[in-house]
Structures are given as structure tokens and as C-alpha cells.
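The values are calculated or read from the model by the stated rules, or taken from the named source; none is laboratory data. Nothing here was measured: the structure is a model prediction, and the numbers come from that model. In this analysis, Cβ positions are derived from the backbone assuming ideal geometry, glycine residues included, and neighbour counts consider all displayed protein chains.
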Amino acid sequence: MLALGAGLLATGALVFTARSLALSRAGQVTGRYAQALEQLGCEEQDGRIGGIRALEHVARDSPRRHPAVMEVLAAFIRERSRQHWPPPDPGGQARERSPRPDVQAAITVVGRRLAERDLRPVDLAGSDLTGADLTGADLTGALLADAVLARADLLAAKLVRADLSGADLGGARLTGANLDGADLTGADLTDADLAGANLASADLTGAELAGALWPVDGPVPAGWERHAGSGQLIAAGTGAERAEANQPRR
């Protein structure tokens, strides 16, 4: 009886210790989450980037916090991405657009998140991610309707079942990207590089494809054809006229 009692006491002590540790860790995560949110609202850009990195660690350490962190970062991207970067040149010289460094940091974290912990799709609809680096990003099922991804690097990105309806992908590099089942209705893919991309079951209704470099082994969408020389898409029936127009004049 004494041995049994001692065993029960030891077990109880272990359970109590385990619960205490769990509560302590939960409290630590809550504190880190609150601190990271405070950093995200910092006026200094370096402070905001630090907050983004801290939120990534919270999402990785706490599956329960993961969905909330991704919602916060998505909202940050939607809001901050509308601010032009680099700032306008006082001399009036136009400079090539790219995301703000803090926005790029946030989209990088979202792109490498543990997607299996998602409870809902990442909402980046309407974001301006012109020139963003999304190489290898996992944006499976993401909401990107009306987003601006012109000249963005989306090499080998996962965009399976993503909503890209009305999105601007002009000049985007989508080499090797997985767009299986993606909604590209009304999207602008002018001059986009889709070499090696998987477009199986993608909905391209009303998409603008002029100048797009299409996958060699993929069926060309109705109403379009490959240009014999460049391999880029042109509107069906215009090949002869363009070839004639490109002939040197005598």
C-alpha cells in the first residue's frame, strides 16, 4: 500500500509538473505574440521587420496561434503594399516599383508557413505585390483576386486552386509554378513567363495572354496560338499578319 501510494504521488507530481510547464510555455507564447504585435506597429521599418520575424517564430512554436498570425500578416500586406516603394524621386525620375522591405518580409514568411496548420485560405486579395520575390512560395488556395503581381518572381511557386481572378500578372515569372485548378478568369498574363508551369484544370476564361510564354507540352487555350519564332502566344489568326509586319521593308 505504501509503495502504491508513493507511486500515485509521484505520478501526480509528474502530471502537475507537466501542466505547469505547459501553462508556463503558453504564457510565454502569449507574451511573445503581444510583443510582436506591438513591434508590427512600430514607426521604424527595422522594428516592424523584427515584429514579423517574431510572429513567424510564434506561428511555428504554437499551432494554435498559427492562423491568427497569418491573418495579421495578410492584413499587414494588404494595407502596407499600397504604399509606393521606393519613395518618389524628388528629381522626377521614375524608378521600378518593388514591395516595401517590411511587406517583402511579411510575404516571405507567409510563403514559407506550415500550410497544413491553416484553418482558412490566406487572404491577399487586392494587394499590390509588384516586383515581389515569391520564388517557391506556398500560396495554395490563396485569395489573390485583383492582386497586382506584375513582374513578380513566382518561380516554382505553389498556386494550386488559388483565386487569381482579375489579377495583374503582366511580365511575371511563373516558370515551373503549379497553377493546377487556379482561377485565372480575367487575369492579365501579358508577357508572363509560364515555361514549365502546370496549368492543368486552370480556368483561363477571359484571360489576356498576349506575349505569354506558354508551356511547350501544354495545350494552347482557345483563341490563341504560338508565334512560330518566339513561342509566345498571339491571338489566333494574327500570325500571318504579324509575320508580314515584321518583314523588313524594301
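One line per residue, one yes/no per condition, for (1) farther than 19 Å from residue 115 by Cβ; (2) of a type in the set (D, E, K, R):
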site: 143; (1), (2): no, no
site: 151; (1), (2): yes, yes
site: 158; (1), (2): no, yes
site: 167; (1), (2): yes, no
site: 172; (1), (2): yes, no
site: 175; (1), (2): yes, no
site: 183; (1), (2): no, yes
site: 187; (1), (2): yes, no
site: 190; (1), (2): yes, no
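Would you pick out the residues in region 156-172 that are surrounded by fewer than 21 Cβ atoms within 10 Å (Cβ to Cβ) and farther than 11 Å from residue 138 by Cα?
Correct list: 161, 166, 171.
Return the residues of region 137-148 that are over 11 Å from residue 125 (Cα atoms) and either among the aliphatic types (A, V, I, L, M) or in a loop (DSSP other than H, G, I, E, B) (or both); say none if nothing qualifies.
Hits for region 137-148 are 137, 139, 140, 141.
Report yes if some residue within region 205-218 is buried (at least 16 other Cβ atoms within 10 Å of the Cβ), polar (S, T, N, Q) and in the same structural domain as residue 149 (by TED's automatic domain parsing); otherwise report no.
No, region 205-218 contains no residue that is buried (at least 16 other Cβ atoms within 10 Å of the Cβ), polar (S, T, N, Q) and in the same structural domain as residue 149 (by TED's automatic domain parsing).
Based on what the data block shows, is residue 185 buried (at least 19 other Cβ atoms within 10 Å of the Cβ), in a loop (DSSP other than H, G, I, E, B) and either in contact with a Phe, Trp or Tyr (Cβ under 9 Å, 6 or more places away or on another chain) or at pLDDT 95 or above (or both)?
no
Provide a single number: the residues in region 188-239 that are part of a loop (DSSP other than H, G, I, E, B) and not aliphatic (A, V, I, L, M). Talk me through it step by step, then tell me what you get.
In the first step, residues of region 188-239 are kept if they are part of a loop (DSSP other than H, G, I, E, B); the result is 189-192, 194-197, 199-202, 204-207, 209-212, 214-223, 227-231, 236-238.
Keeping just the survivors that are not aliphatic (A, V, I, L, M) gives 190-191, 196, 201, 205-206, 211, 214-215, 217-219, 221, 223, 227, 229-231, 237-238.
Residues that pass the stated criteria total 20.
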